[in-house]
1. Does A:Val26 count as more than 6 Å from DNA strand C (Cβ to nearest atom), more than 14 Å from chain B (Cβ to nearest Cβ) and not basic (Lys, Arg)?
2. Check B:Val58, B:Val47 and return the single one that is open to solvent by 20 Å² or more (accessible area, probe 1.4 Å) and in contact with a Pro (Cβ under 6 Å, 6 or more places away or on another chain).
3. Residue by residue through the stretch B:86-116, note down the ones that are modelled with pLDDT of 60 or more and surrounded by fewer than 16 Cβ atoms within 10 Å (Cβ to Cβ).
4. Are any residues in the stretch A:61-73 open to solvent by 60 Å² or more (accessible area, probe 1.4 Å) and near DNA strand C (Cβ under 6 Å from one of its atoms), and if so, which ones?
5. If you go through the stretch A:29-45, how many residues are within 10 Å of DNA strand C (Cβ to nearest atom) and of a type outside the set (A, V, I, L, M, F, W, C)?
6. Being at pLDDT 90 or above and not in a helix (DSSP H, G or I) is the filter here; which residues of the stretch A:1-36 pass it?
7. I'm trying to understand the selection: among the residues of the stretch A:1-22, which are more than 16 Å from DNA strand D (Cβ to nearest atom), open to solvent by 10 Å² or more (accessible area, probe 1.4 Å), more than 12 Å from A:Gly64 (Cβ to Cβ) and of a type outside the set (S, T, N, Q)?
8. Checking the condition away from every other protein chain (no Cβ under 11 Å) and of a type outside the set (D, E, K, R), which residue from A:Leu19, A:Leu14, A:Leu39 passes?
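The values are calculated or read from the model by the stated rules, or taken from the named source; none is laboratory data. Fair warning: this is a prediction, and the values are worked out from it, not measured in the lab. All Cβ positions, glycine included, derive from the backbone under ideal geometry; neighbour counts span all protein chains shown. Quick note on the areas: whole protein, heavy atoms, side chains included, nothing else; ligands and nucleic acids left out. Shrake-Rupley method; radii C 1.70, N 1.55, O 1.52, S 1.80 Å.
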2 protein chains.
Amino acid sequence: MRMSTKAQYAVRALVSLNLNGDGGPVSIKKISDCESISLNYLEQLFVKLRRGQIVRSVRGPGGGYVLARPADEIRVDEIIDTVEETLVPVSCMENDGSCNCDSRCATQSVWVGLGDRIRSFLASMTLDDLTREGRKRLEL
Amino acid sequence: MRMSTKAQYAVRALVSLNLNGDGGPVSIKKISDCESISLNYLEQLFVKLRRGQIVRSVRGPGGGYVLARPADEIRVDEIIDTVEETLVPVSCMENDGSCNCDSRCATQSVWVGLGDRIRSFLASMTLDDLTREGRKRLEL
DNA sequence: TATATAACTGTCTATTTTTGTCAGGTATTT
DNA sequence: AAATACCTGACAAAAATAGACAGTTATATA
């Protein structure tokens, strides 16, 4: 049960973007340097984040990325949704009926319930929450 | 964010074991047939489950596995702990200080919090709960 | 207008993890 | 003794992950 580094990178990159932003665009290069994340890999993530309406791109010199919405309107679960596929813990639900003992369906309730908890927890936090926490840490 | 099939198999196998048990031991072969899980793979899982004090083995003809404890004392999180390493969503905490912008630490709080939720949810369910649910489904 | 900058795009690849398979060995009941 | 079933370790296919690479396109500024 691991959150992929893809998701972790995406969240970290966006917190970094918001911390360093000051309104203007922040280049992927800068985020890559700050966060020690491969530039090429970040580019792939930001393509998805742009398509997912999390960020807007600004081309040309001095360009980069800005948040597409206020930070307090960007939930963590949205971020993860845009870069990876699912927060549901199992693929499940093929339900081809091949199992005659049917403990499969009994266990589904665990994973569905777990998925709900994961979702609601991540939906309860916004990028703004994390950024405030990050700022607090920087002051120490 | 996926629960590994290893963990899913372990939980399903134990529910199946408890459903088909009737006090006596159930062979891995039977569970394998019922659940359509590779016999060899199940063997590997049950080695861990035995070491984790979840099941006891009974050797010889008519042998198999029995629960080492009453089903209502076996929590789902225990099961998953014994077959896979972690319920903490990130590897994290290397904390080599290489990141000067330090959004890394800010995001850790998300994953730690998430890990807590996952843990407490899975700890709130026992094998007995799942088995009852399985029995209910069989009656329909 | 030229040039530097930085986003954009698609393809390819090395590595790791997952999910098993296979070939035997060992213990125990009948 | 023989059948049953657990036990063990080595090996392997397949998928996911993380990232490299080689370009193309858009735009601000000199």
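1. Values: more than 6 Å from DNA strand C (Cβ to nearest atom): yes; more than 14 Å from chain B (Cβ to nearest Cβ): no; not basic (Lys, Arg): yes.
The answer is no for A:Val26.
2. Result of the check over B:Val58, B:Val47: B:Val58.
3. Within the stretch B:86-116, B:Thr86, B:Ser109, B:Val112, B:Gly113, B:Asp116 qualify.
4. Going through the stretch A:61-73, the residues open to solvent by 60 Å² or more (accessible area, probe 1.4 Å) turn out to be A:61-62, A:69-70, A:72-73.
Listed by number, the residues that qualify are A:Pro61, A:Gly62.
5. 7
6. Result: A:Gly24, A:Pro25, A:Val26, A:Ser27.
7. Listed by number, the list holds a single entry, A:Leu19.
8. Details: A:Leu19 fails: away from every other protein chain (no Cβ under 11 Å); A:Leu14 fails: away from every other protein chain (no Cβ under 11 Å).
On inspection, the qualifying residue turns out to be A:Leu39.
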